[in-house]
1. Could you pull the Rg and Dmax for region 183-226, using just the Cα atoms, both in Å?
2. Hey, any idea what % of region 82-220's accessible area is carbon plus sulfur with a 1.4 Å probe?
3. So what is the 222 nm mean residue ellipticity for the chain from helices alone, if each DSSP H run of at least 4 adds -39500 (n - 2.57) and you divide by all residues, rounding to the nearest 500 deg cm²/dmol?
4. With viscosity set to 0.692 mPa s at 37 °C, what whole-number translational diffusion coefficient in µm²/s follows for region 168-308 from Stokes-Einstein and a Kirkwood radius over Cα pairs?
5. From the protein chains alone at 1.4 Å, what is the descending order of accessible area for Asp470, Asp406, Asp144, largest first?
6. Quickly work out the Asp86-to-Arg132 label distance, labels modelled 7 Å from Cα along the C-beta direction, and quote it in nm with one decimal.
7. In region 254-313, which trypsin sites (Lys or Arg not before Pro) are in a loop and have at most 13 other Cβ atoms within 10 Å, using DSSP for the loop call?
8. Kindly state, as a whole number, the per residue volume in cubic angstrom of the convex hull around the alpha carbon atoms of region 410-454.
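The values are calculated or read from the model by the stated rules, or taken from the named source; none is laboratory data. Worth saying up front: this structure is predicted, and the values here are computed from it rather than measured. No Cβ is skipped: glycine too gets one built from the backbone with ideal geometry, and neighbour counts run over all protein chains shown. Heads up: the accessible areas ignore ligands, DNA and RNA and are worked out on the full protein's heavy atoms, side chains in. Shrake-Rupley method; radii C 1.70, N 1.55, O 1.52, S 1.80 Å.
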Amino acid sequence: MFYRSTRNKIKRITASEAILKGISEDGGLFVPESIPALDISFEKIAEMDYRETALFVMGKYFTDFTEEELGNCIEKAYDSKFDIPDMVSLRRTDGRTAYLELFHGRTIAFKDMALSILPHLMKQAAKKQNMREEIVILTATSGDTGKAALAGFSDVSGIKIAVFFPEGGVSPVQKLQMVTEKGKNTFVAGVRGNFDDCQTGVKKMFTDEALKEKLKGAGYVFSSANSINIGRLIPQIVYYIFAYSRLLKEGAIRPGEEINIVVPTGNFGNILAAYYAKNMGLPVHRLICASNENKVLYDFFNTGKYDRNREFILTHSPSMDILISSNLERLIYVLTGDDPERTAALMASLMGEGKYEITEEMRDKLKCFSGYFASEEETFNKIRSLYEETGYVIDTHTAVAGCALDKYRADTSDDSFAVVASTASPFKFAGSVLSAIKGRKEEKEETELFSMLSEISGVGIPEAVRELKDAPVFHKTVCEIDEMEETVLGFLNIKGE
Ligand SMILES: *Cc1c(COP(=O)(O)O)cnc(C)c1O
């Protein structure tokens, strides 16, 4: 299996090269040349545990890894860091709906599913490519990605990681999660600026040739762990296939029965993985793309027009507050019939005018998607009503998806069995979740909120938030926007000018 850029016809690279590069030099994203078929029955998959399923699915994409190499990566990633033996779990709330909990990893959000394995894939890939330099991962974060990346790369030998976050722009819990990170190879710095400043600063370092040379001289090379890396996308396919096999085993669905999958969406990575799973042979009827009030994708699916020229709204589902869904480019590429020139032209229009429109013919291929969105009020109502009806507590992101499913069912009377991707533990957003359930804001200390939520939900306080209480702060660096490069050089003990 080879990979191509969505914006370049000629080049063809291996999985390990694509994982190391992250993004193509032409600005495109790497895509597998073809989508491999599952070619095995779900009854067989139902006999596998999560790790075996992961090996089977990822083995079809990462073909330049030997089974042993990939198996090693999987063993290291999916272990007791997760608080349940199968990594993910299904919670059925009625006869036709199951919430797929993807938040049982170290940072209690679904990004752990991919970020716990990416470092090991990267390390193995570097070995394969005979890379001599040590990898330095640079990440800008608005909150969730930072800690998940730190946790994943923590103490992985041969790799260092530097995370930049907006000093005043993340929640207290998110900040505490990052600055208390223990890994000896980790560096964290607050930036006196907003998330865009952090992201721009990081992008600048990635493309700075002089800096690249300086790093190389010291034995380092930059790489990226963000969600467009194919090494993050492919591991996300696994849990959809695994979930289907479990539903089958439990008798919730019949063999071959088509299900709907609902995904709370931001950068379009998680739902794209579900789309790949469908194309591999997973019986999926509809993929329901759920947006919050930043409903660019809802508009896209309903009109064929993508337009980011609009107000950026801060919601209670911050990980979905996004106006440029990077991974959508991979879907656009499929819609053009794998045409890199047309894809590049549409993306150029997005960069230039902030918008583009797809043709009727392209829209025809979008029929397996439905776009829905939930307002802030609808999201809170969903958290409360689900809790009142079933006793089950979900986080704000998951509630956006739950609400999208309700709207879809009301519109279409399609009552297919639905799997809702549950992307964060409610403890990660305890304040919002409690406000939703109680109908008023709780003015309390975080630790008290955790206890309240634990009592209401009947779920113990996760280690990820419990450990924050008395954790020592290891990272105290704060820098100005124009000092980010100096800060990285300082971390690596490389002298500046
Ligand atoms: C990142 C994130 C999302 C969005 O996932 P994408 O793959 O970017 O669409 C949804 N919910 C939570 C909790 C997240 O952290």
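1. Rg, Dmax (Cα atoms, Å): 12.1, 32.
2. Numbers: 2640 of 5410 Å².
Here it works out to 49 percent.
3. Details: 23 runs with 219 residues, N = 497.
My calculation for the chain gives -12500 deg cm²/dmol from helical runs alone.
4. Values: Rh = 19.0 Å.
Estimated via Stokes-Einstein, D reaches 172 µm²/s.
5. Values: Asp470 130, Asp406 70, Asp144 15 Å².
Ranked from most to least accessible, the order is Asp470, Asp406, Asp144.
6. Here the modelled spin labels are 4.9 nm apart.
7. Values: sites: Lys278, Arg286, Lys295, Lys305, Arg308, Arg310; in loops: Lys295, Arg308, Arg310.
Here the sparse-neighbourhood loop sites are Arg310.
8. On the way: hull volume 4.8 nm³, N = 45.
Dividing the Cα hull volume of region 410-454 by its residue count gives 107 Å³.
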